[in-house]
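See structure below.
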Amino acid sequence: MPFPIHRLRRLRKTDAIMRMVRENKVSVDDLIYPLFVCEGKGVKTEISSMPGNYRWSIDLLANEVKECWNLGIPAVILFGIPDKKDARGSEAYNPDGIVQRAIQEIKSAVPEIAVITDVCIDEYTDHGHCGLVENGQILNDPTLELLAKMALTHAEAGADIVAPSDMMDGRVGAIRKALDQSGFGDSIIMSYAAKYASAFYGPFREAADSSPQFGDRCSYQMDPANGEESVREVAQDIEEGADIVMVKPALSYLDVIYKIKKEFSVPLAAYNVSGEYSMAHAASEKGWLDGDRVIMEVLLSIKRAGAQMILTYSAKHAAKIIQNIVP
Ligand code: PBG
């Protein structure tokens, strides 16, 4: 494309021309909003490291979800904060647990919205790990049964999509089998397929009270140094029955998103995680960055990399920006 025959600036001459040649766009259809649900009544507690995000009690949750739906957001993902924790995370698969009740409440108030649930026991275990623990080791196979039970109680309560985030090997297969055996063959699995052991989860662990009480998550979450390995993780999850796969975090892993998009043809989600939100928010509060522009640029970059769904704490705000609703 030699100059001066070709001048790439021609296509940047006016806004109308730029709109015509624009390759990617962030739509409200792409957004999934994470919500934290806790016990109690009338609770709306702001998460200090994630301003604008709250822990909600079930009675206030439906209104918040309705607001999301009215903004055009098609889905929410729920995280539960139980009152009681134990070594086996029993509340995670209690049919009357916090998330199970929240699903029912949302489904009766806003039946149209897609309800996704995080399937992982870390918020429910007293040790804070995503699997059962024995002698300081995280046990893989015995955990699968609990995850399958947890996913099934979510489907029974009315969840449209279950999203295992634990990173145990074989969990997608175990969940698919449990759902199919109980008549939930239509329930969708969105697997956190390539989930890295990331420092960007810091604010989430404050929000969900889920920090590991000893050690770290490096024996089950992926090593941030590994790109190729994500292909094997995703391939395995698809083979086991994942309908949608996810890369997490998003911003430092755009290469992984790109790689997975090139390699597979299943719907791809990316999680714009808590630390990514908090960084942009803090810098914007200090006046160092234009927060709105940064939010939209980040979401756009995740789409450009190849994700078609984005889980983001900015979902409501981004929906307002996209639709020119002044907050
Ligand atoms: C595990 C889970 C985590 C996140 C989503 N699901 C925390 C972790 O793996 O430590 C992190 C999400 C975020 O940082 O926004 N239940």
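Taken together, the values in this text are just the output of simple stated rules run on the coordinates, not laboratory data. Computed from a prediction, not measured in an experiment: that's the story for all the values here. FYI the Cβ positions are ideal-geometry reconstructions off the backbone, even for glycines, and counts take in every protein chain you see.
The share of alpha-carbon pairs in the chain lying farther apart than 27 Å comes to 43%.
What is the distance in Å between the Cα centres of the range 147-225 and the range 258-327? The two parts, judged by their Cα centres, are 22 Å apart.
Sorting R304, R12 on the 10 Å Cβ count, fewest up front, what's the list? Write out the running numbers ahead of the final one.
Values: R304 14, R12 11.
Taking fewest neighbouring Cβ atoms as first place, the list is R12, R304.
What number, in percent, do you get for the relative contact order of the range 23-321 if the mean sequence gap of Cα pairs under 8 Å and at least 6 apart is divided by its residue count? Mind showing how you got there, number by number?
On the way: 627 pairs, mean separation 57.7, N = 299.
Relative contact order here is 19 percent.
Note on K177: lysines with a C-alpha under 24 Å away, same-chain residues under 8 apart excluded, are K149, K195. Within the same chain, lysines fewer than 8 places from K41 are excluded, and of the rest, those with a Cα less than 22 Å from its Cα are K66, K84, K85, K107. Each of S191, S48, S265 was scored by other Cβ atoms within 10 Å of its Cβ. Listed from fewest to most, they are S265, S48, S191.
Backbone geometry of the range 97-105 corresponds, through the Karplus equation with coefficients 6.51, -1.76 and 1.60 at θ = phi - 60°, to 3J(HN,Hα) couplings of x, 4, 6, 4, 5, 5, 4, 4, 4 Hz, x marking Gly and Pro.
Can you sort K85, K195 by how many other beta carbons sit within 10 Å, fewest first?
Values: K85 21, K195 27.
By the 10 Å Cβ count, ascending, the order reads K85, K195.
Listed by chain and number, the aspartates and glutamates whose C-alpha is less than 19 Å from the C-alpha of K44, apart from same-chain residues fewer than 8 away, are D59, E64, E67, D83, E105, E123, E206, D209.
Give the shape of the range 55-117 as rounded, prolate or oblate, defined through the alpha-carbon gyration tensor: a ≥ b ≥ c are the square roots of its eigenvalues, a/c under 1.5 means rounded, and otherwise the shape is prolate if a/b is larger than b/c and oblate if not. It comes out prolate by the Cα gyration axes. Placing a label point 7 Å from the Cα of A225 along the Cα-to-Cβ direction, the residues of the range 170-210 with a backbone N closer than 18 Å are 195-199.
A simple charge model with +1 on the Cβ of Lys and Arg, -1 on the Cβ of Asp and Glu and nothing else charged puts the dipole of the chain at about 1780 debye relative to its Cα centre. Extension gain for Q236 to S90 (0.36 nm times residue separation, less C-alpha to C-alpha distance): 49.8 nm. Here the average projected area of the convex hull drawn through the C-alpha atoms of the range 139-278 stands at 8.5 nm².
Using just its DSSP H runs of length 4 or more, each adding -39500 (n - 2.57), the chain gives a mean residue ellipticity at 222 nm of -11500 deg cm²/dmol after division by all residues. 3J(HN,Hα) along the range 46-54, derived from phi through the Karplus expression 6.51 cos²θ - 1.76 cosθ + 1.60 where θ = phi - 60°, amounts to 5, 7, 4, 8, 9, x, x, 10, 9 Hz, with x in place of Gly and Pro. For L289, the amide hydrogen comes within under 5 Å of the amide hydrogens of S284, counting only partners 5 or more places away or on other chains and with H modelled in the peptide plane. Multiplying each eigenvalue of the alpha-carbon gyration tensor of the range 36-177 by 5 and taking the square root yields semi-axes of 26, 17, 13 Å, largest first, rounded to whole angstroms. Evaluating 6.51 cos²θ - 1.76 cosθ + 1.60 at θ = phi - 60° for every residue in the range 227-240, the Karplus couplings come out as x, 4, 4, 4, 5, 5, 4, 5, 4, 5, 5, 5, 4, 7 Hz, glycine and proline recorded as x.
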